[in-house]
Amino acid sequence: MKFFIDTANLKEIDQARSLGMLDGVTTNPSLMSKESLFNQKEIQKHYISICERLKNDENVSAEVISSNYIDMIQEGEKLALLHPRIVVKIPMTKNGIQAIQYLSNKRIKTNCTLVFSAGQAFLAAKAGAYYVSPFVGRLDDVSYNGLKLIREIKNVYENYFFKTKILAASIRHSLHVIECAKIGIHAITSPIKVINSLFNHPLTDIGLEQFIKDYQSKINN
Ligand code: G3P
């Protein structure tokens, strides 16, 4: 399962790279707004800086902020021209699905975002989205089991041999990651703190402390 980092912050992207746990990046307008970017030029430069940190088989999802069809496809085409590693992120709306269809026909990769039901995921796949992004944590927030949706989408996609890859988003903790891996989806995207938390287990710390203590009590360096 691929690990994408859900951030627009260059330091966090570098940290994930140094952990050896970076397969791609996802951004959204809220994450971009945290990066002190004040005009289109700065935003474009920032996306290029992210792309330059990635390897050829990795990509960054850059989201359109337009909501009508024509503006979405124009914005999507401009984003895609910035760098070959850009995937155009489009929200799950009627216009969004049409835009995904248009961009996919032009061989521009898309990521259908803000997906909260198997029906929406089905439409995204039929439209030719490269990725579908179901939001696990935000469903949990409203007392619906977000992981259940991931299972449903996987089931539906397998029934029809859809090529759209499931990129689980809104991943909040290590259990989300582990369950997604058990379901067997293509990728998850999470903040760096979730990736860091996977390293930790109290028994590892206790065990390691004991090993060193035992060694040092008997063996002279
Ligand atoms: O990029 C979209 C998604 O991952 C947002 O996560 O934690 O804001 O629900 P969260």
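The values are calculated or read from the model by the stated rules, or taken from the named source; none is laboratory data. This structure is a prediction, so every number in the text was calculated from the model and none was measured. Because the Cβ atoms are built from the backbone with ideal geometry, glycine has one as well, and the counts that use them run over all protein chains shown. Accessible surface is based on the protein model in full, side chains and every heavy atom, while ligands, DNA and RNA are left aside. Shrake-Rupley method; radii C 1.70, N 1.55, O 1.52, S 1.80 Å.
Per residue, the accessible area of the range 88-131 comes to 44 Å², computed with a 1.4 Å probe over protein heavy atoms only. Taking the Cβ of Asn68 as the centre, find all other residues whose Cβ is under 12 Å away and add up their charges (Lys, Arg: +1; Asp, Glu: -1). My count for the surroundings of Asn68 gives -1.
Put simply, when 146-159, 76-89, 46-59, 29-42 are sorted by average Cβ atoms within 10 angstrom per residue, most first, you get 76-89, 146-159, 46-59, 29-42. Compactness of the range 1-94 was expressed as the Cα radius of gyration divided by 2.2 N^0.38 Å, which yields 1.05. Adding -39500 (n - 2.57) for every DSSP H run of four residues or longer, then dividing by how many residues the chain holds, sets the calculated 222 nm ellipticity at -16000 deg cm²/dmol.
Distance distribution note for the range 151-204: the fraction of Cα pairs above 17 angstrom is 41%. Based on C-alpha pairs under 8 angstrom that are at least 6 apart in sequence, the range 111-185 has a relative contact order of 33 percent. Normalised by the number of residues in the range 1-135, the average gap of Cα pairs under 8 Å and 6 or more apart makes the relative contact order 17 percent.
For the set Lys2/Lys165; Lys89/Lys126; Lys193/Lys213; Lys2/Lys106; Lys55/Lys126, the pairs lying more than 20 angstrom apart at their alpha carbons are Lys193/Lys213; Lys2/Lys106; Lys55/Lys126.
Within the listed set Met72, Met92, Met21, the Gaussian network model of the chain (springs between alpha-carbon atoms below 10 Å) gives the highest mean-square fluctuation for Met21.
The three principal axes of the Cα atoms in the range 80-195 give end-to-end lengths of 38, 31, 24 Å, sorted in falling order.
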